[in-house]
Protein chains: 2
Amino acid sequence: MRDTNRTWYFAERPTGEPDADCFDLRETDRPEPNPGELVVRVNYLSVDPYMRGRMRDTESYAEPWDVGDVLKGGVVGEVVESESEQYDVGDFVTGEGTWADYSVMDADDVAPVDPTVADLPAYLGVLGMPGRTAYFGLLDVGEPTPGDTVVVSGAAGAVGSVVGQIAKLNGCRVVGFAGSDEKTDWLTDDLGFDAAINYKTTDDYRAALDEAAPDGVDVYFDNVGGPITDAVFTKLNLDARVAVCGQIAHYNDEEVPMGPRKLPMLIAPRAKVQGLLVGDYATRFGEASERLATWVARGDLEHRETVVEGLENAPDAFLGLFAGDNIGKQVVRVSTPSA
Amino acid sequence: MRDTNRTWYFAERPTGEPDADCFDLRETDRPEPNPGELVVRVNYLSVDPYMRGRMRDTESYAEPWDVGDVLKGGVVGEVVESESEQYDVGDFVTGEGTWADYSVMDADDVAPVDPTVADLPAYLGVLGMPGRTAYFGLLDVGEPTPGDTVVVSGAAGAVGSVVGQIAKLNGCRVVGFAGSDEKTDWLTDDLGFDAAINYKTTDDYRAALDEAAPDGVDVYFDNVGGPITDAVFTKLNLDARVAVCGQIAHYNDEEVPMGPRKLPMLIAPRAKVQGLLVGDYATRFGEASERLATWVARGDLEHRETVVEGLENAPDAFLGLFAGDNIGKQVVRVSTPSA
């Protein structure tokens, strides 16, 4: 007898902030693989802010989910059935799977995972999509040079925490914005940030930047948008680079949000602002993975995951992203690895 | 006996829109040159939107004017006294001079003008700073490729009219925003723009762009800001480039203007937005001047100047920029060339 398979479906498009009504957990039989496919027992599931965009019915970079669709996301897990010569039962893999106990994945679309290099959840964070996003976004769009001041919003998140550390490895002064003292302490005490600003307890972000970034801002890596970003834009140095990676402050907005116009601020510093999607760097993922793994192995790159227990709590883990519940990468533990 | 010299001084910092009270005309003796200097009889004076920034007391890319300072600007005129071996009396030169009948200029800071290549006012427009701004802004920041759709705001202005024509020379579809039917007719009938939108008589800029730029926007050259720019940002294609050259809609704002937040719009198209100052390309001015002059000589690049008569009317010419009075380059005729 096959195991059952719990799977989360997209039940309802949210208006504004998503809630539990958007998600529907159903139980079916464990799926069977077609030729070339694997059945992966999901150990960890990734929830990410960009998924909010897939809940809209408008075309964007990520294909929108239709109501009734199975929810998808990055997973890491163990091959329990293989119809591919590329992977054997017992291998660990990562790739785009489903919010489920078991996920059928095409062997061509997954990457091998070595649990001896790093814990499994790290493959959804520092060694996964968020780590690669940080790597290419900072290095290719931000183009930091030694001595630059790099400011990161969402600095204690999966992407931001890696951005700041890579900037430190590149000889920069690094300032992070994060939403709790626990987070800012982690940034300065463990990750080596030069300064960190708790945006929830700070009134005047410009004044805070005057102190934390006295020489102005050369690179801004933006995961957040909103008033933090408004403040940083007033401090851009000549030839400043802004990587727009995320705008989580605005993902739940139903109307186009208003804010201070920024284009007039770009002329005097000749600043460059660029939107960023990691998928554009697919041909260079190998380079990023190798360097990130090396830094992790050397202890140059710290990482942390916030683990929510149980597939049944996956929606809560996702919703927690918008409340800033996570430190480092937010993941869901779906099952314990057998190894 | 030396001639007298009328000179405009900066009398008062404006709040909001500048007016006549900001300017003060005084009469002094015609100046005398020191070694290395020329006295230039000003034939044409340039008034430009960026001068509004010099009227603020905040540091920006152009040094602020202090109350009581002589007003400065681009001039073209005839050398009437020379203490330099580089120029003889009777030569025509262009450079940064003063709002005056006679301007003392350092011979090292002026460029020769050949009145047989183009009329003198063209050296303040298509063959001057605005032409070079268009050239580098479009080609280096906008990076147009054949088949791209290029949208230009302030399209009938000194910079915009050149941008659109260079884009046509590069095989692009070109759409301009301008503020009168006379201007839009000039763009489409004389300059070869594919479409032009009169923003003063059009209600829905997005709908107008749906028609004029049905394939979306690959390059946006922005001289204006405000609602035109808001509309264009909703139509940016993948890898779109935005050159922020000017934001004349906002130059008279006393507070940071509010508008739709644009950073969230940059992620899906991975758009690049970059501030632009022509001074950064100083080492390549020769290249630009040569190509612009060649295009003008061939008839590939049309140009037009709006001429206000008389130095006494220079403030009106400047203020008219904000009302959109000019078609092509706004200049002031200060004296008739003797040649």
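The values are calculated or read from the model by the stated rules, or taken from the named source; none is laboratory data. Being a predicted model, the structure only gives us computed values, none of them experimental. Virtual Cβ from ideal backbone geometry, glycine too; neighbours counted across all protein chains shown. In case anyone asks, the SASA skips ligands and DNA or RNA and just uses the protein heavy atoms, side chains included. Shrake-Rupley method; radii C 1.70, N 1.55, O 1.52, S 1.80 Å.
Here the protein assembly as shown is treated with +1 on each Lys and Arg Cβ and -1 on each Asp and Glu Cβ, and its dipole about the Cα centre works out to around 180 debye. Solvent exposure of the protein assembly as shown amounts to 40 Å² per residue of accessible area, where only protein heavy atoms count and the probe is 1.4 Å.
Rolled with a 1.4 Å probe across the full set of protein chains, the surface gives B:L292 an accessible area near 0 Å².
With every protein chain in place and a 1.4 angstrom probe, the accessible-area ranking of A:T149, A:T294, largest first, reads A:T294, A:T149.
Inter-copy label distances for B:R284: 2.2 nm (label point placed 7 Å from Cα along Cα→Cβ; shortest first). Between B:A62, B:A196, B:A122, the residue with the greatest mean-square fluctuation in the GNM of chain B (Cα pairs under 10 Å linked by springs) is B:A62. Where does helix A:314-323 land angle-wise versus the long Cα axis of chain A, in degrees 0 to 90, nearest 10? The helix A:314-323 is inclined about 0 degrees to chain A.
The phi-based Karplus calculation (6.51 cos²θ - 1.76 cosθ + 1.60; θ = phi - 60°) puts the 3J(HN,Hα) values of segment B:71-88 at 6, 10, x, x, 9, 10, x, 10, 6, 10, 8, 9, 10, 9, 7, 6, 9, 9 Hz, whole numbers, x for Gly and Pro.
Distant-in-sequence amide contacts of A:C172, defined by a placed amide H-H separation under 5 Å and a gap of 5 or more residues or a different chain, comprise A:G147.
Hey, what did chain A get for relative contact order, percent, Cα under 8 Å, at least 6 apart? Show your work: numbers first, answer last.
Numbers: 754 pairs, mean separation 61.3, N = 339.
Reported relative contact order: 18 percent.
What does the charge count near B:R291 come to, summing +1 for each Lys or Arg and -1 for each Asp or Glu among other residues with Cβ under 12 Å from its Cβ?
Details: positive: B:R132, B:R284, B:R298; negative: B:E287, B:E290, B:D300.
The answer is 0.
Each residue of segment A:203-209 was assigned a 3J(HN,Hα) from its phi angle through the Karplus curve 6.51 cos²θ - 1.76 cosθ + 1.60 (θ = phi - 60°); the sequence is 7, 10, 5, 5, 5, 4, 6 Hz, with glycine and proline shown as x. Quote the relative contact order of segment B:1-117 in percent (integer), defining contacts as alpha-carbon pairs under 8 Å separated by 6+ residues. Relative contact order of segment B:1-117: 30 percent.
Find out how many positive minus negative residues lie around B:L263, taking Lys and Arg as positive, Asp and Glu as negative, among other residues whose Cβ is under 12 Å from that of B:L263. Write down the numbers at each step before the final one.
Details: positive: A:R261, A:K262, B:R261, B:K262; negative: A:D222, A:D230.
In short, +2.
Here the spin labels are modelled as points 7 Å beyond Cα on the Cα-Cβ line, and at A:V67 and A:A297 they lie 5.0 nm apart. Past 29 Å, Cα to Cα, is the threshold; run B:K72/B:K262; A:K200/A:K235; A:K200/A:K329 against it and keep the listed order. From B:K72/B:K262; A:K200/A:K235; A:K200/A:K329, over 29 Å: B:K72/B:K262.
Counting from the shortest, the label point at A:R26, 7 Å from Cα toward Cβ, is 8.4 nm from the same position in each remaining copy. Seen against the Cα atoms of chain B and their longest principal axis, helix B:285-298 is set at about 80 degrees. Each of A:G226, A:I267, A:I166 was scored by the projection of its Cα onto the charge dipole of segment A:129-279, and the greatest displacement toward the positive side belongs to A:I267; charges sit on the C-beta of Lys, Arg, Asp and Glu.
For segment B:121-251, the Cβ-based charge dipole about the Cα centre amounts to some 380 debye (Lys, Arg positive; Asp, Glu negative; other atoms uncharged).
What is the magnitude of the charge dipole of chain A about its Cα centre, with +1 placed on the Cβ of each Lys and Arg, -1 on the Cβ of each Asp and Glu, and no other charges, expressed in debye to the nearest 20?
On the way: 28 positive and 60 negative charges, 233 e Å.
Rounded to the nearest 20 debye, it is 1120 debye.
Taking amide hydrogens as placed 1.01 Å from N in the peptide plane, the amide H of A:K235 sits under 5 Å from that of no residue at least 5 positions away in sequence or on another chain.
Could you work out the relative contact order of segment A:129-279, using alpha carbon pairs under 8 angstrom and six or more residues apart, expressed as a whole percent?
On the way: 311 pairs, mean separation 35.1, N = 151.
Normalised by residue count, the contact order of segment A:129-279 is 23 percent.
Centroid-to-centroid, using Cα positions, segment A:14-45 and segment B:14-85 are 70 Å apart.
Straight-line reach from B:K168: taking Cα to Cα under 18 Å and skipping same-chain neighbours fewer than 8 places apart, the lysines in range are B:K183.
Near B:A195: Cβ cut-off under 9 Å, other residues only, Lys/Arg at +1 and Asp/Glu at -1. The net charge is -1.
Could you calculate the FRET efficiency of A:R56 with A:Q86 from 1/(1 + (r/R0)^6), where r is the beta carbon distance between them and R0 is 41 Å, rounded to 0.05? All intermediate terms of the calculation are to be shown ahead of the outcome.
Working: r = 35 Å, r/R0 = 0.86.
Result of the calculation: an efficiency of 0.70.
Distance from the Cα centroid of segment A:324-339 to that of segment A:129-195 is 22 Å (rounded to whole angstrom). Across the identical copies, the 7 Å label point of B:S335, projected outward along Cα→Cβ, sits 9.2 nm from its counterparts, in ascending order.
Interface B-A: total buried accessible area of about 2900 Å², 1.4 Å probe, protein heavy atoms only.
Springs join every pair of Cα atoms under 10 Å in this Gaussian network model of chain B, and among B:C245, B:C22, B:C172 the largest mean-square fluctuation is at B:C22. Of interest is the spacing of the C-alpha centroids, which for segment B:248-311 and segment B:93-128 amounts to 20 Å. Dividing the summed helix terms, -39500 (n - 2.57) for each DSSP H run of n ≥ 4, by the number of residues in chain A produces a 222 nm estimate of -5500 deg cm²/dmol to the nearest 500. Annotation: amide H-H contacts under 5 Å for A:G74 (H modelled 1.01 Å from N, sequence separation of 5 or more, or interchain): A:S46, A:G97.
Comparing the full protein assembly with the isolated chain (1.4 Å probe, heavy atoms, ligands and nucleic acids excluded), the residues of segment A:247-264 losing at least 20 square angstrom of accessible area are A:Q247, A:H250, A:V256, A:P257, A:M258, A:G259, A:P260, A:R261, A:K262, A:L263, A:P264. When peptides B:13-19, B:142-148 are sorted by average Cβ neighbour count within 10 Å, with the highest value leading, the order is B:142-148, B:13-19. Note on chain A: with a GNM built from Cα contacts shorter than 10 Å, the maximum mean-square fluctuation among A:A208, A:A268, A:A156 falls on A:A268.
Label reach from B:E27 (point 7 Å along Cα→C-beta): in segment B:307-326, amide nitrogens under 18 Å belong to B:310-314. Backbone phi angles across segment B:271-281, fed through the Karplus curve with coefficients 6.51, -1.76 and 1.60 (θ = phi - 60°), yield HN-Hα couplings of 6, 10, 10, 9, x, 9, 9, 5, x, 5, 9 Hz in residue order; Gly and Pro are listed as x.
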